[in-house]
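Participant: Before we start, here is the structure in question, set down as structure tokens.
The values are calculated or read from the model by the stated rules, or taken from the named source; none is laboratory data. Just so it is clear, the model here is predicted, and its values are computed rather than measured. Don't worry about glycine lacking a Cβ; one is built from the backbone with ideal geometry, like all the others, and counts go over all protein chains shown.
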Amino acid sequence: MARNKYPEETIRLILDVAQRFFLEKGYEDTSIQDIINGLGGLSKGAVYHHFKSKEEIFNAVGDRYNEQIVSELKTIRDDSTLTGFAKLKKMFRLSLSSSDRDIVFSVAPNMLEHPKLLAMQMREIFSDIVPHYVQPIIEQGVADGSIKTKYSRELSEVIIMLTNLWLNPLVLRTDVESMEKRVRFFNLMLKNMGIELMDEQMMESYKRYCTLANQKFI
């Protein structure tokens, strides 16, 4: 197959093939060579021209899955009928119930064993999700009285850090009972700042992800 002269088509092809292998074999068991072999003649140089590593490819595949979530986050953020607190709770309920999250979760590795991948994802979260979604919502909540804090940015960062690291069973493995305690403590901590974020439906989602992680990494 001749090299695709349109870069966006080349990237789409690489991600399509990588996504198929990640779903079939998982991240750990998929190699760069597997992806190259599946491209039907596209050269190794063409792959490395667009992506420096398997971590970058996996991150880009995850970004494609997250496009729908990001669109829905924008809708929540810009909904003039909701208070800041209502937006924050709806945003977190969405992130825990998304079917795309299940798909990415099913193929992702133990993140502590892949610090480069974890760092890439956290960098994106702190450079995009916090300043463009979480912080504006918390600032609105402060303005409308539904959230009480003098530290909008710091609270935004703490919420994201705890939910994406401490409460993420792909980062810190734990049993279901301990996960439930973590979520309840997290909720109690936020409640002292006027934000009771987690409900029982979200709790069940965390317990489910914890069970899936434990089954996956046996």
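Participant: Consider V183 against the criteria (1) part of a loop (DSSP other than H, G, I, E, B); (2) buried (at least 19 other Cβ atoms within 10 Å of the Cβ): it satisfies all of them except one. Which criterion is unmet?
Facilitator: It fails just one condition, (1).
Participant: Right, something else. Of the residues that sit in region 1-47 and are of a type in the set (S, T, Y) and modelled with pLDDT of 90 or more, which one is nearest to N110 (Cα to Cα)? Walk me through how you get there before you give the answer.
Facilitator: Of region 1-47, the ones of a type in the set (S, T, Y) are 6, 10, 27, 30-31, 43.
Those still in the list that are modelled with pLDDT of 90 or more too: 30-31.
On the way: T30: 14, S31: 16 Å.
For region 1-47, the residue satisfying everything is T30.
Participant: For region 125-149: of the residues being among the small types (G, A, S) and over 18 Å from the mean Cα position of the chain (by Cα), which is nearest to R77 (Cα to Cα)?
Facilitator: Here is the first cut: in region 125-149, the residues among the small types (G, A, S) are 127, 141, 143, 145-146.
Imposing the further condition that a residue be over 18 Å from the mean Cα position of the chain (by Cα) reduces the set to 141, 143, 145-146.
Details: G141: 11, A143: 14, G145: 17, S146: 15 Å.
So, considering only residues that are among the small types (G, A, S) and over 18 Å from the mean Cα position of the chain (by Cα), the one nearest to R77 (Cα to Cα) is G141.
Participant: Another question about this same structure. Is it the case that K52 is closer than 26 Å to D128 by Cβ, among the basic types (K, R) and without any contact (Cβ under 8 Å) to a residue 12 or more places away in the chain? Working first, answer last.
Facilitator: Working: closer than 26 Å to D128 by Cβ: yes; among the basic types (K, R): yes; without any contact (Cβ under 8 Å) to a residue 12 or more places away in the chain: yes.
Considered against the rule, which asks whether it is closer than 26 Å to D128 by Cβ, among the basic types (K, R) and without any contact (Cβ under 8 Å) to a residue 12 or more places away in the chain, K52 comes out as yes.
Participant: Scan region 200-218 for residues that are closer than 30 Å to Q140 by Cβ, loosely packed, with under 15 Cβ neighbours inside 10 Å and in contact (Cβ under 8 Å) with a residue 60 or more places away in the chain and jot them down.
Facilitator: So the first thing to find is which residues in region 200-218 are closer than 30 Å to Q140 by Cβ, and the list is 200-206, 209.
From what is left, the residues that are loosely packed, with under 15 Cβ neighbours inside 10 Å are 200-201, 204.
Result: Q201, single match.
Participant: Looking only at residues in region 44-65 that are basic (K, R) and part of a helix (DSSP H, G or I), which one is farthest from the chain's Cα centre (by Cα)?
Facilitator: Pass one, region 44-65, residues basic (K, R): 44, 52, 54, 64.
From the residues that got through so far, the ones that are part of a helix (DSSP H, G or I) too are 44, 54, 64.
On the way: K44: 29, K54: 17, R64: 11 Å.
Checked region 44-65; the qualifying residue farthest from the chain's Cα centre (by Cα) is K44.
Participant: Here is a further query. Could you run through region 19-43 and say how many residues are surrounded by 19 or more Cβ atoms within 10 Å (Cβ to Cβ) and in a loop (DSSP other than H, G, I, E, B)?
Facilitator: Residues in region 19-43 being surrounded by 19 or more Cβ atoms within 10 Å (Cβ to Cβ) and in a loop (DSSP other than H, G, I, E, B): 4 in total.
Participant: Output the number of the condition that G194 fails; it satisfies all remaining conditions of (1) over 20 Å from L94 (Cα atoms); (2) part of a helix (DSSP H, G or I).
Facilitator: Going through (1) over 20 Å from L94 (Cα atoms); (2) part of a helix (DSSP H, G or I) one by one, G194 breaks only (2).
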